[in-house]
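Reading through the structure tokens given below for one structure.
The values are calculated or read from the model by the stated rules, or taken from the named source; none is laboratory data. In this text the structure is predicted, and so the values were computed from the model without any measurement. Note that each Cβ is placed from the backbone with ideal geometry, even for glycine, and that neighbours are counted across all protein chains shown. In case anyone asks, the SASA skips ligands and DNA or RNA and just uses the protein heavy atoms, side chains included. Shrake-Rupley method; radii C 1.70, N 1.55, O 1.52, S 1.80 Å.
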Amino acid sequence: MLASSRLRSEPIAAWRPGAHRRLVRLALLGLALAGFAALSGLDGVGGIALASTPSPEPTALGDRIHARFRVWVEDESIRLRPIEGDPAIRSIALEDEEEEATVNGKAFSNEELRAFLGKDGELVAELAALDSRERRAALGVDDGDSEDR
């Protein structure tokens, strides 16, 4: 027989009512604190950015396009070439005043772009929905500038 009650092999709940609930609460609190700590480190400064603080939107259309395509501007069109992906896609052109994009010289509707190019098609369709001035502004190129990224 054991001399100390601390060495009993009985479950914790049997000798301390409510202990398992306290352990669960402590575990959840630890997870919440760990999640908060992880989120607070995402902005690179060590704090959480306030909602009233304006910050550049990393998912802006132009940034997403430049991440996936080489972009250059011609007289009345914007040309895109995939950085990675299907080598059969040589060029995507967005002519000024046109809502359809051409892929390798063939006109595609927005639905066809999405079906043919997948996520890239969604980006191109989003860009094609803008007028020529908005397209150039979204990509960060001025009218008449020739830029290769």
(request) Give the residue that is most open to solvent (accessible area, probe 1.4 Å), with candidates limited to residues of region 67-106 that are in contact (Cβ under 8 Å) with a residue 24 or more places away in the chain, among the hydrophobic types (A, V, I, L, M, F, W, C) and more than 14 Å from Leu123 (Cβ to Cβ). (result) Trp72
(message) Considering only region 52-70, I want to know if a residue exists there that is at pLDDT 85 or above, touching a strand residue (DSSP E or B) at 6+ places or on another chain (Cβ under 8 Å) and not hydrophobic (A, V, I, L, M, F, W, C).
(response) yes
(message) I'm trying to understand the selection: among the residues of region 107-123, which are surrounded by 13 or more Cβ atoms within 10 Å (Cβ to Cβ), among the hydrophobic types (A, V, I, L, M, F, W, C) and under 24 Å from the mean Cα position of the chain (by Cα)?
(response) Leu113, Phe116, Leu117, Leu123
